[in-house]
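Q: Below is a structure I'd like to ask you about.
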Amino acid sequence: QVQLVESGGGLVQPGGSLRLSCAASGFTFSSYHMSWYRQAPGKERELVAGITATGNTNYADSMAGRFIISRDNSKNTVYLPMNSLHPEDTAVYFCKAVGWRIIWGQGTQVTVSS
């Protein structure tokens, strides 16, 4: 079954950290471009970070330096450690795989609040 399953979301205080994971199955993970998106209530889905099959990364300006995307092809998993979280980072975070098809995960909620 082709799927992406995100985990690691939750409630965290401002300034805190979380690490999101996205486990892939049913397709050749190592050949796919992977990325994280997020969608806050009432807003459009936006790119957070991406990583190519060869490991090159890119980030949205507001996340650069706070979030780090990485992948472990031996575990078919992409990670997103997030540091110095702000209330504005509150959103549902989605994992996306792009190859000969596009695959989305179901999302994981991140809430930054005191």
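Q: Quick one: pull the percent of accessible area on region 41-101 belonging to carbon and sulfur, 1.4 Å probe, ligands and nucleic acids left out.
A: On the way: 1680 of 3280 Å².
Here carbon and sulfur together make up 51 percent of the probe-accessible area.
Q: Might you tell me the accessible area per residue for the chain, computed with a 1.4 Å probe and given in Å²?
A: Heavy-atom SASA per residue in the chain reads 51 Å².
Q: Counting Lys and Arg as +1 and Asp and Glu as -1, each charge on the Cβ, what is the dipole of the chain about the Cα centre in debye, to the nearest 20?
A: Details: 9 positive and 7 negative charges, 48 e Å.
Once rounded to the nearest 20, the dipole reads 220 debye.
Q: At what distance in angstrom do the alpha carbon centres of region 74-114 and region 14-43 lie from each other?
A: 3
Q: Then there's this: When only the heavy atoms of the protein chains count and the probe is 1.4 Å, how do Ile103, Ile68 rank by accessible area, highest first?
A: Ranked list, largest accessible area first: Ile68, Ile103.
Q: Give me the one-decimal Kirkwood hydrodynamic radius in Å for region 6-53, with the sum taken over alpha-carbon pairs.
A: After inverting the pairwise mean of 1/r, the radius is 13.0 Å.
Q: Per residue, what volume in Å³ does the convex hull of the Cα atoms of the chain enclose?
A: 92
Q: Moving on to the next point. Sort largest first and round to whole Å: the equivalent ellipsoid semi-axes of region 62-114, each the square root of five times a Cα gyration tensor eigenvalue.
A: 23, 14, 10
Q: Something else: Could you tally the net charge around Thr77, taking each other residue with its Cβ under 15 Å from the Cβ of Thr77, Lys/Arg +1 and Asp/Glu -1?
A: +2
Q: With contacts defined as alpha carbon pairs under 8 Å and 6 or more residues apart, what's the relative contact order of the chain in percent?
A: Dividing the mean separation by the residue count of the chain yields 37 percent.
The values are calculated or read from the model by the stated rules, or taken from the named source; none is laboratory data. Since we're looking at a predicted model, the values are computed, not measured. Every residue, glycine as well, gets a Cβ built from its backbone with ideal geometry; the counts of neighbours run over all protein chains shown. Accessible surface areas use protein heavy atoms only, side chains included; no ligands, DNA or RNA. Shrake-Rupley method; radii C 1.70, N 1.55, O 1.52, S 1.80 Å.
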